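The values are calculated or read from the model by the stated rules, or taken from the named source; none is laboratory data. Just so you know, these numbers come straight off a predicted model, no measurement behind them. Using ideal geometry, Cβ is built from the backbone for each residue, glycine included, and neighbour counts are taken over all protein chains shown.
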Amino acid sequence: MAAHPAPAPKALRGAAISMRGDPFAQEPRHCLLHEADALVLIEGGRITRFGPFHALRDDLPVGTELVEYPDAILCPGFVDAHVHYPQLGMIGAHGAQLLQWLERYTFPTEARFADPAHCTAVAQAFLRELLRAGTTTAAVYCTVHPQSADAFFAESHRFNTRMVAGKVLMDRHAPAALLDTAQRGFDESEALIRRWHGVGRQHYGVTPRFAPTSTEAQLDAAGALLRAHSDLFLQTHLSENREEVAWVRELFPHCDGYLDVYARAGLVGPRAVFGHGIHVTEAELCTCHGAGAALAHCPTSNLFLGSGLFRLMDTLDPRRPVRVGLGTDVGAGTSLSQLRTLGEAYKVSQLLGRGLDAVQGFFLATSGGARALHLDDRIGRLAPGYDADLVVLDPGATPLLRFRTARCDSLEELLFVLMTLGDERAVRATWAGGHCVYDRDREGEPFSCPG
Ligand code: GUN
Ligand code: ZN
């Protein structure tokens, strides 16, 4: 696999925001860092300087290329903590809740990934849609076919995006064409780990789909993979739907609840990301807190499938805060845009009688998501030493956004309007590893790979 050549230094100029604290633990206003006219210096794919333009502009390395974004807001690239790339072509499948939706729509869609050419075509389309939405890191489910993971990693490596992905493990309760076995799933995952984990910015996530589609032997094999290789991720679903929770109780009567099924297999630890967690118990939240495991809040999906309302503020309770990332969960989720997802997260909080302000929202979409994935020493902030992954937001992207944001009295209000009215149209450009991988306004092809 080709390494990415170090590009010439770049300096981005524009208004900029980044997080310097956790707005769920501290006063939100104090957690938002805002530079009205900032300079972000990028060298070797990393941010090397960040501060006021006037203070930094006279001391740039020779040959630095200046890229100016007037009337835009530079923000750390968005982090999507839970998404299924093979489901891109089935967003908006009508009329079913989780278990019926899987059988009726998801499994037939995923069966098509037996064909490597199909894997490549969908992986290419998906990665471009992520970049169009300003997302630079995601935890991505592939299908049971190892070629689906190869196709995704190959495309992510080409764009030099930092991604977590893995082949789904599934050895029961699905159509025969989508089943592996405990041994085959182990072997195929291990081969993918050797091929991709730690290659450039790629990370492997061991991916048992959810407890009902794995035998205990397969969950144990997933645990063995985690023990055998360092720094792997683990992603699966947890307590999304009441019928699913009851089924898990039937299938694993000797376990003390849903999370315990995973805990017994050694799957609950740092870098474990559990999708949904709507119907979790207080004891399960305590376990996640103690283990450093994360939940992915997927509001558009939870509303679309009628799964329920995720108790964000309870989950983040400062007495035992659980790491939370924001997931789009496409194709049960209805958008790849973190802005749109934040808008729905706000409405879910409103239904529960709790708030979600703009600083908290942008934290979840950036450094909170990075923290959920234990990648917060590398991504999620604009600061020296961090990967140069940025999204350039355009508050005047549509006539309505322009009209409304012109009437904002504060930055917080403007960010909140972006959460309410924004989507991929509000993404002017996306930078990954110091390269402008997407430029909405570039003539011809808006996407560009480094090198
Ligand atoms: N639970 C098991 N598989 C899936 C999936 O593909 N999507 C969602 N939303 N939940 C799941
Ligand atoms: Zn999911």
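Among the residues that make up segment 159-170, is at least one of them within 16 Å of ligand 2 (Cβ to nearest atom) and in a loop (DSSP other than H, G, I, E, B)?
Yes, there is a match, as at least one residue in segment 159-170 is within 16 Å of ligand 2 (Cβ to nearest atom) and in a loop (DSSP other than H, G, I, E, B).
Among T300, T328, which is part of a loop (DSSP other than H, G, I, E, B), touching an Asp or Glu at 6+ places or on another chain (Cβ under 6 Å) and of a type in the set (V, I, T)?
T328
Would you be able to tell me the number of residues in segment 347-358 that are out of contact with any helix residue (DSSP H, G or I) (no Cβ under 6 Å at 6 or more places or on another chain) and either within 22 Å of A138 (Cα to Cα) or not small (G, A, S) (or both)?
So the answer is 4.
Mind listing whichever residues of segment 303-325 are more than 10 Å from ligand 1 (Cβ to nearest atom), outside any strand (DSSP E or B) and aliphatic (A, V, I, L, M)?
Passing the criteria: L303, L309, L312, M313, L316, V322.
Results for (1) surrounded by fewer than 21 Cβ atoms within 10 Å (Cβ to Cβ); (2) under 19 Å from the mean Cα position of the chain (by Cα); (3) modelled with pLDDT of 95 or more; (4) within 15 Å of ligand 2 (Cβ to nearest atom), shown as yes or no for each residue.
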residue: F233; (1), (2), (3), (4): no, yes, yes, yes
residue: H237; (1), (2), (3), (4): no, yes, yes, yes
residue: E243; (1), (2), (3), (4): yes, no, yes, no
residue: E250; (1), (2), (3), (4): yes, no, yes, no
residue: C255; (1), (2), (3), (4): yes, no, yes, no
residue: L259; (1), (2), (3), (4): no, no, yes, no
residue: G275; (1), (2), (3), (4): no, yes, yes, yes
residue: E282; (1), (2), (3), (4): yes, no, yes, no
residue: A291; (1), (2), (3), (4): yes, no, yes, no
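Residues in segment 401-451 that are assigned to a loop (DSSP other than H, G, I, E, B) and either touching a strand residue (DSSP E or B) at 6+ places or on another chain (Cβ under 8 Å) or without any contact (Cβ under 8 Å) to a residue 60 or more places away in the chain (or both): how many?
Total meeting the criteria: 18.
Give the residue, chosen from V248, V273, that is within 16 Å of ligand 1 (Cβ to nearest atom) and part of a helix (DSSP H, G or I).
Of V248, V273, the one residue that is within 16 Å of ligand 1 (Cβ to nearest atom) and part of a helix (DSSP H, G or I) is V248.
Touching a residue at least 12 places away in the same chain (Cβ under 8 Å), more than 16 Å from ligand 1 (Cβ to nearest atom), touching a helix residue (DSSP H, G or I) at 6+ places or on another chain (Cβ under 8 Å) and outside any helix (DSSP H, G or I) - does that describe any residue in segment 206-228?
no
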